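Here's the structure, in structure tokens; my notes come after.
The values are calculated or read from the model by the stated rules, or taken from the named source; none is laboratory data. Everything numeric here is computed off the predicted structure, so don't read it as measured data. As a convention, Cβ positions derive from the backbone with ideal geometry for all residues, glycine included, and neighbour counts pool all protein chains shown.
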Amino acid sequence: MAKGPQILTANRLTDGAVLYWTGTAWAEPMAEAALYDEVEAAKAALAGAARSVADRLVINPYLFEVRIADGIAVPVKERERVRAAGPSVRRDLGKQADHTLAPRFHIGPAPQPPAPVEGEGPEAFDVSL
């Protein structure tokens with residue numbers, strides 16, 4: 001069970017964006033998220049998120065623990081830090097927009113699949129380099 005405050009998160013059903021519950025609505029910036037210090041209040045918020053799932057607004061709502069550093073909620077687990085940083089699959093958003101991290105990500109064109117070897121059936125591929 002979480003030891004510190006918690007935030008309710010989910011993904012928007014239409015585009016998969018990470019959302020945070022503000023107490024009255026879903027928002028993209030984690031800075032707008034409601035903090036739940038009480039376990040029962042957090043559980044009630046999570047139970048209330050079932051309505052957003054039924055209305056097909058979000059999927060997979062869950063609570064995660066944060067710590068407060070200099071008045072700012074910081075996710076305790078790495079998974080939530082990555083989700084809060086933004087998409088990691090586009091070069092113009094999130095981590096890819098930070099050029100100091102660019103060497104860690106594939107920047108060139110997508111690699112082409114290997115070509116089928118003629119005469120050996122559709123499952124035969126030339127994998128020579």
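Quick look at the values:
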item	result
Some residue of segment 72-89 being farther than 23 Å from Gly4 by Cβ, of a type outside the set (Gly, Ala, Ser) and modelled with pLDDT under 90	yes
Subset of segment 21-80 (residues that are in contact with an Asp or Glu (Cβ under 6 Å, 6 or more places away or on another chain), in a loop (DSSP other than H, G, I, E, B) and within 16 Å of Ala10 (Cβ to Cβ))	Thr22
